[in-house]
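The values are calculated or read from the model by the stated rules, or taken from the named source; none is laboratory data. Not measured: the values here are computed from a predicted model. So basically every Cβ, Gly included, is an ideal-geometry build from the backbone, and we count neighbours across all protein chains shown.
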Amino acid sequence: MKEMSSSMPIQHFTHIHPLTKVDGYGWFTCNGCNTYGFGTTYRCVSCDYDLHDHCATCPPTLFSFMHPQHELQRVFRGPEGQQNRRMCDICDESIEGLYYHCEPCGFDIHPLCTRLPQHVRHVPHPAHYLELSHSGASNTCVVCRGRIQSWRYKCGPCRVDVHMECVTSSASRGPATQQICYYIYQGQGQQLSPSMGRRTFAILMTLTVGVVCNLISGGLVG
Ligand SMILES: [Zn+2]
Ligand SMILES: [Zn+2]
Ligand SMILES: [Zn+2]
Ligand SMILES: [Zn+2]
Ligand SMILES: [Zn+2]
Ligand SMILES: [Zn+2]
């Protein structure tokens, strides 16, 4: 089911004109958080301005299990305010534009990264859910054998650590799905302008892979 446009335009504080929700749009770069998007966008056609569904609707403050000590404040910083390069504490990629911040701790996080689930099912480790945590049992990913620097999904009792992007969350994820995800990650992504956000985007794609692959087979690839 595809609707091109729905609901009333919204007025968002990051843009002077009203934005209209468009479903099934395809690839875009979010002008709020400057990372990739696919599918639903809040769009100003005359300015070619897009916002993620999430960036258009995320609240001014929120609590996250990733930083339980304090409430996080939503911040929007234009290019003029970016003398210091900020990195997301969760995905280690740079932050521009819209993000969440904890002032006392200097904690920064992409709006999209606040959507990462606390617990995921990892198919090769069916006994337990893995939990998103800052430190783990080891610094080696059991899937790719690569080094893990900071946040990872882990099973503490079994000493299992997995990169966020290496989690295999869907049992139905066969070779065809992997190919599509590879396509997202390596191919199509490179045609988009920002160099950051790819990691978060890939993680969220992985975790919601069924939805996205349906979108792609219905609209983009084929
Ligand atoms: Zn965004
Ligand atoms: Zn506009
Ligand atoms: Zn991030
Ligand atoms: Zn804090
Ligand atoms: Zn890995
Ligand atoms: Zn376990």
D161 crowded, with 21+ Cβ neighbours inside 10 Å and of a type in the set (D, E)
yes
Out of all the residues in segment 56-65, is one or more within 16 Å of ligand 2 (Cβ to nearest atom), assigned to a helix (DSSP H, G or I), farther than 14 Å from C113 by Cβ and touching a residue at least 12 places away in the same chain (Cβ under 8 Å)?
yes
With criteria (1) without any contact (Cβ under 8 Å) to a residue 24 or more places away in the chain; (2) surrounded by 20 or more Cβ atoms within 10 Å (Cβ to Cβ); (3) not acidic (D, E), Y99 comes up short on (1)
Filtering strands (runs of 3 or more DSSP E) wholly in segment 79-144 for at least 1 residues that are within 16 Å of ligand 4 (Cβ to nearest atom) and more than 18 Å from the chain's Cα centre (by Cα) gives 97-102
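For segment 13-43, give me each residue that is part of a strand (DSSP E or B) and either within 16 Å of ligand 3 (Cβ to nearest atom) or not charged (D, E, K, R) (or both).
Result: L19, T20, V22, W27, F28, T29, Y36, G37, F38, T41, Y42.
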Can you pull out every residue in segment 154-174 that is at pLDDT below 75, away from ligand 6 (no atom under 16 Å from the Cβ) and under 15 Å from P117 (Cβ atoms)?
S170
